[in-house]
Amino acid sequence: MLADLFFRARSLFRRKAAEADLDDELRFHRERQLRKHLAAGLTESEALRRLRMEFGGLDQVKEECRDARGVRPVEILLQDVRHGLRLLRKSPGFTAAALLTLALGIGANTAIFSVLYGVLLRPLPYPDSARLIVLNETTPKVGGVSVSYPDFLDWREQGRAFSSMAAAHNVGFNLSGVDRPESISGQAVSANFLALLGVQPLLGRDFNVSEERAGTAAVVLLSYPLWQSHFGGNPNVVGRTLALDGRSFTVVGVLPPEFRWIEKTDVLEPMGVWLTNNPAYGERGERGDTLAIGRLAPGVTLAQARAEMAGVAARLERTYPATNDQFRAELRPIRDVLVSEIRPTVLVLFAAVTFVLLIACASVANLFLMRGSGRAREMALRMAIGATRGRIAAQMLIESLLLTSLGGVAGLALAVAAVRGIAGLLPANMLAGASIDLDGPAVLFAIALAALSALVFGIVPAMHATRGSAQAELKKGGRSASAGAGASRWRGVLVILEVSMALVLMVGAGLMAKSLYRLFSVDAGIQTEHVLAMEVNLRTAQYDQSPARLNFWNRVLGGLRSLPGVQAAALGTGVPLTNDHSRADITIEGMTLPGPGDFPHPDVHIVSPEYAGALGIPLLGGRTFTDMDNEHALPVGMISARLARQFFGAGDPVGRRFLFGHPSSKRAPRWITIVGVVGDTKLYGLANPSRLEVYVPFRQEAPGSMTLLVKSAIDPATLTSGIRAVIASVDKDQPLLSAATMTQLVRDSVSAQRITMIVLGTFGALALVLAAIGIYGVISYAVAQRSHEIGIRIALGAQTGDVLLMVMTQGGKMAGAGLLIGLGASFWLTRLMSSLLFSVSAADPGTLAAMTFLLGVIAMLACYIPARRAVRVDPVNALRCE
Amino acid sequence: MPDKRIDLPQGTLDLLILRTLALGPQHGWGISERVQQTSSNALQIQQGSLYPALHRLERRGWIKARWGTSENNRKAKYYELTRAGRRQLDSETDAWKRLTAAVAQVLGTA
């Protein structure tokens, strides 16, 4: 087989030499044969005649020899490629239209595929990552929550379904001792965390078991990017120190560049270091921000692991009812955790872009058919002089392939730009560390797509070109070179398909637009205009005591109020639409005590007096906080309207009291008097229902991490540097986290819907244009073909209206059929995107009707232009053409 | 002459070429002469189809070609059997014998 290929290749590449050899060989034979005949006594002319009889046509023999050497297919291919390129050059209009369409189709697909691959398919950088399971706790009331550390320790000890299990707690650090203090993210992890993932430090050592216990020395592993940016990739970094939250940490190693975790991770510290600094998390009732990760033991399925962990959680619930009532274990493959938010978006976009490609193929097939009708005679002639149907079909396919190859190259260039655009639209937290690049798999995909497209749109013209009868075609002479009924029918079918697919895309885009509109019409309970939000975390030892924190916040608030343009400055925790949430059980004075898991569990906001005012949260009863609500005054609180309704009904909650946690005989209850009721807010995004909320004044409980809210008369973004200056004047080592306007936060919270709408809208518009061009092309062509007939009709007295109607009817039938099919398809396909829709049904009749109408009008417009041309046919000219 | 000629059944040309080359390297004309002589003029290779057949056999690796000098000092392309070709000849000869024997048997009993 290999030798055979080699032989063919040699024959091909040494074609000149091979031809010369063949000539020599055959000449030798003929000379010998001639001499033989002469020797036998024939005259020279007789001998030559005899030779011709015996040998046959020299050229034919040569041709057969070439065939026998097996180089013909390649030669034919090269010939077809040359022929195809010549044809493409000869009709630049056709080539440009087809190339542009294909480039758009292939480019869009490649771009979306890059996203799909980066997000859903790219292998995770852990060996056998399918067996990595993320575990957390869940309660019926809140849903997924963190696992408490003692619960995790029990899980790890009792969970036989896992060969190993590790915990990772999300930690933020202030990195100081550098030019500009900055805030970085890290994980406090069990000693076996990296080993479980199958990751080895690039430099230095992994953590060891003794470092899981509190009291261990402060050490860190650096992420590769942090090592590069802050230590210049210095290979001698191990043993150096790093100031985190004002404490000195010794670097023990560096993580490999491909390391990726569910949350952004700049450093890893051992669990023991974290427990040393946060002893409260050693308590079972404390659920911070911890996930467990386990590797399934060999042979154990996820279902088996779930069943086992359900048993473990149930035992813990029985043993520790006060802290574990109704707490279950939730198990998800790590890939699902990474992509859960973005998967529906990506899948919908991929389905949509497939439609775009199909429409592009239909358009190009249409162009081919239109040109094919002009080439019918060429094909007929070639068949008449001996070309086989297969040979002609192959030639057509090669032409398609040429086009798609060129289109594919252009498409890749488009995709490079599009990928950047789309990656920019996706919010970083949804990507969860996935990188989106146009790399190897995407390029392979584009190549496969180009080949597939060539088949998809090349097959119809190829079939069509070889079906006709050569004789019939030639008999027509040069007169009409008519495409015949076959081609028109095919073109009609293609246009119908285009219209139907365009409708599906437009309905999808319409549904997204309507959802987005509905989302933005949701009352978030806050006024977002001109409000800037900026997170500040006090973590260094100087802020360990509450008075120091209070002092910092007071000075910052004072500084902010004196900035020009500032209308209100406030502080708060759990600001709506941020990632900062804190919830706690409360006990309302006088309530019948429920089971430990059934206490009211509101979101807790610790706020400054102007908080509600800065965010425009309405006061519904009582009063807001004042500066007098301080550590020396009576503990006070505000509650949300929902909480008031649910627990006080028609009664007035003002003056009533609640406390955090459950009543306990061990300590004196700290009752908080309700002084006000405020409106509900959409804490967890516009699409999510509001929850119970309580507010307490920050002067009675100053936290270390708060969000600054600055409401201004001017564009709040211009205040950023002023705010930074105020904070630096209070504490120059204090880093700032991101600053964003509340309007931006609202927009980000609907980014999945927004990107889907933008991309679907673009695709829908593209599809609409292609479908309109398709209809226009078919009708124009039909009018040109029928101009003779139309001329006769006009000559016989047909009125303008009659002709217009006749042409429009033809287009209307195609558009109507396409719309009908498209409606049916939309009805089925838009269900796929129902998880992305908000208060709009996937079969929303309004959207279906509007899009059908829009597409119908555009389609009729596309018919009207050629129809007008038909009306203007001059009967005399039309008849003279005969 | 036409009456004396036997039309070669499909595939026998290859067999004849291989058999002739089993005697030693030979050029195309020589092969056709040899076949004609050894079959007492009963088999005459269609000269037009000899060369495509040679090229096909070469591609399959059963024979290989090299340029040599003919008996009258002319440059000529000589073909010789490869090891694969010899095996092919053996199996084809075998198949041919069984075929002719079987056909002869049928004809004999008919």
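Readers should treat all values here as calculations from the given coordinates under stated rules, not as data from a laboratory. From a predicted model like this one, the values you see are computed outputs, not experimental measurements. Cβ coordinates were reconstructed from backbone atoms using ideal geometry, including for glycine residues, and neighbour counts include every protein chain displayed.
Just a few scattered comments:
- Efficiency of FRET from Cβ geometry, A:Lys16 and A:Leu381, R₀ 45 Å, rounded to 0.05: 0.90
- Each Lys and Arg Cβ is given +1 and each Asp and Glu Cβ -1; about its Cα centre, chain B then shows a dipole of about 420 debye.
- Under a 5 Å amide H cut-off, with hydrogens placed 1.01 Å from N, A:Asp289 pairs with A:Asn170 among residues at least 5 apart or on other chains.
- On Cα atoms only, tilt of A:2-13 relative to the major axis of chain A in degrees: 60
- For chain B, the longest principal axis of the alpha carbon atoms and the long axis of helix B:83-109 meet at an angle near 20°.
- Size-normalised alpha-carbon gyration radius of the protein assembly as shown, reference 2.2 N^0.38 Å: 1.38
- Shielding by partners - mean other protein chain Cβ count within 10 Å, residues of A:51-60: 2
- For the pair A:Asn688 and A:Leu78, label points projected 7 Å from Cα toward Cβ lie 6.6 nm apart.
- Length-normalised contact order of the stretch A:254-368 in % [C-alpha pairs under 8 Å, at least 6 apart]: 17
- Distance-filtered residues of the stretch A:201-232 - backbone nitrogen under 17 Å, label point 7 angstrom along A:Ser248 Cα→Cβ: A:216-220
- Peptide packing: for A:49-57, A:261-269, A:500-508, B:44-52, the average count of neighbouring Cβ atoms within 10 Å per residue gives the ranking A:500-508, A:261-269, B:44-52, A:49-57, highest mean first.
- Spin-label pair A:Glu258-A:Ala668: with each label point 7 Å from Cα along the Cα-Cβ axis, the two points sit 6.1 nm from one another.
- Pairwise centroid distance, computed over Cα atoms, of the stretch A:544-593 with the stretch A:195-211, Å: 39
- Each Cα pair under 8 Å and six or more residues apart adds its sequence gap; the mean of these over the residue count of the stretch B:12-109 is a relative contact order of 30 percent.
- Label-point separation, A:Thr809 to A:Asp598 (7 Å along Cα→Cβ), nm: 7.3
- Crossing angle, helix A:845-871 versus chain A [Cα axis fit, 0-90 degrees, rounded to tens]: 30
- Here the Karplus curve 6.51 cos²θ - 1.76 cosθ + 1.60, taken at θ = phi - 60°, turns the phi angles of the stretch A:647-661 into couplings of 10, 10, x, 7, x, 8, x, 4, x, 7, 10, 9, 9, 7, x Hz, with x standing for Gly and Pro.
- At an R0 of 60 angstrom, the distance between the Cβ atoms of A:Leu425 and A:Arg391 translates into a FRET efficiency of 0.80.
- Spatially near lysine pairs across chain A, Cα under 25 Å, sequence gap of 8 or more or different chains: 7
- Considering all different alpha carbon pairs of the stretch B:12-109, the Kirkwood hydrodynamic radius works out to 14.3 Å.
- Per residue, the convex hull spanned by the alpha carbons of the stretch A:284-418 comes to 206 Å³.
- Restricting the trypsin sites (Lys or Arg not before Pro) of the stretch A:622-699 to loop positions (DSSP other than H, G, I, E, B) with no more than 15 neighbouring Cβ atoms within 10 Å leaves A:Arg623, A:Lys666, A:Arg667, A:Arg670.
- Phi angles across the stretch A:85-98 convert, under the Karplus curve 6.51 cos²θ - 1.76 cosθ + 1.60 with θ = phi - 60°, into 3J(HN,Hα) values of 4, 4, 5, 4, 5, 6, 10, x, x, 4, 4, 4, 4, 5 Hz, Gly and Pro given as x.
- Once the convex hull of all Cα atoms in the stretch A:620-666 is built, its volume per residue stands at 110 Å³.
- Rounded FRET efficiency, nearest 0.05, which uses the C-beta distance separating A:Lys90 from A:Met53 and R0 of 56 Å: 0.80
- The stretch A:671-751: C-alpha gyration tensor shape, a/c 1.5 cut-off, then a/b vs b/c: oblate
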